[in-house]
1. In nm, to one decimal, how far is the modelled label at E91 from the one at Q223, with both set 7 Å along Cα→Cβ?
2. Specify the angular offset, from 0 to 90 degrees and rounded to the nearest 10, of the alpha carbon long axis of helix 162-172 from the longest principal axis of the alpha carbons in the chain.
3. Give me the percent relative contact order of segment 105-263, please, defined on Cα pairs under 8 angstrom at least 6 residues apart.
4. In nanometres, what is the gap between the two model label sites at T189 and Q10, each 7 Å from Cα along Cα-to-Cβ?
5. Multiply the residue gap between F64 and F238 by 0.36 nm, knock off their C-alpha separation, and tell me the result in nm, one decimal place.
6. For the Cα atoms of the chain, what angle does the longest principal axis make with the long axis of helix 113-131, in degrees from 0 to 90, nearest 10?
7. Taking only Cα atoms, what is the 0 to 90° angle, nearest 10, from helix 280-290's long axis to the longest principal axis of the chain?
8. When the scattering of the chain is computed by the Debye formula from its Cα atoms alone, each counted once and equally, what is log10 I(q)/I(0) at q = 0.06, 0.07, 0.14 Å⁻¹?
Amino acid sequence: MKTTYYRVAQHTFAFRTPDDDKQDYLPSFAPFICEFEEGTPLLFTLTLDDDFYPSEKGATIGQFDCGGGDFGVYRLDDGSYQFLINPPGREYCGMLQTNAFFTEGIAALRGNESTRAYAANNCMMLLYAFAAADKQTMLFHASVIGHNGKGFLFLGKSGTGKSTHSQQWLKYISGSELINDDNPVVTVTSEGKAIVWGSPWSGKTPCYRNVSAPIGAFVRIKQEKENRIKRDDTLRAFASLLPSVSTMKWDDRVYNGICDSIALLISNVPCYTLGCRPDKEAAEVCQAEVEKEKGDPSI
């Protein structure tokens, strides 16, 4: 087997493929390739083995729409997991089995190069999100703009206008840059230092940047006829952030780790709700508020 190492948001992980397998499964991961240093802890290792077949099938947790594909999730008695991965409108193209802590995964892939790459990419994302969940690390569903040395995360359901709002910043707010357009990583220390990181996952926009920035604010986007922004109180901020993080409510380690990290975030980073149109004024209204001196949130 050949092993390639990657580092995303200071977490190092490994991808093992057969020596005779020449496919480039993870082109978006190229900026994150790293040299392995002896003694470096690995977040997880994913091994490809198309001959792998599980000795038993886990109990069904459910079928989940993961924004572009359907995942079947199953759990075995020892806490380990099985995932069946289905791309949009196609048959199953990959099976992933992990241990209970998502530190080891083995995947069997099916189909052509495109569907195999799709499955491998999603296996890596699942392992990363859930292995890191109790390490003050979260995979967010957000579009992220960098401006004046800070990262601003725009949250919302698919189709709400996160990417559109980022485009307004890029077009009208001088000095703006896109850090990630769909799945950035957020880390927070026990002291409350929150950082957003680029990742190999960025939805339909190919923005795979190995960069980071301290977080300036979280902003939930809502489509409205007028542009207006309001800072969230603590309860609303928690309720705003939690649905935007990859988690599993039935897994105590994962869910409690995510909730603890969100509690740290909202104690140290302001959160807002922006009702807006897809226009220049929306970006200007948002920027004026999130970059001004902060007082106490209104309740």
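1. In this crude label model, E91 to Q223 measures out at 3.7 nm.
2. Roughly 50 degrees, rounded to the nearest 10.
3. Values: 268 pairs, mean separation 42.2, N = 159.
Dividing the mean separation by the residue count of segment 105-263 yields 27 percent.
4. Placing both labels 7 Å beyond Cα along the Cβ direction yields 0.7 nm.
5. Numbers: separation 174, 0.36 × 174 = 62.64 nm, distance 2.28 nm.
Extra length from F64 to F238 when fully extended: 60.4 nm.
6. With both axes taken from Cα atoms, the answer is about 70 degrees.
7. 90
8. -0.20, -0.27, -1.05
Read-outs: derived from the displayed coordinates by stated rules, not from any lab. It should be emphasised that the depicted structure is a prediction, and the values quoted were computed from it without experimental measurement. All Cβ positions, glycine included, derive from the backbone under ideal geometry; neighbour counts span all protein chains shown.
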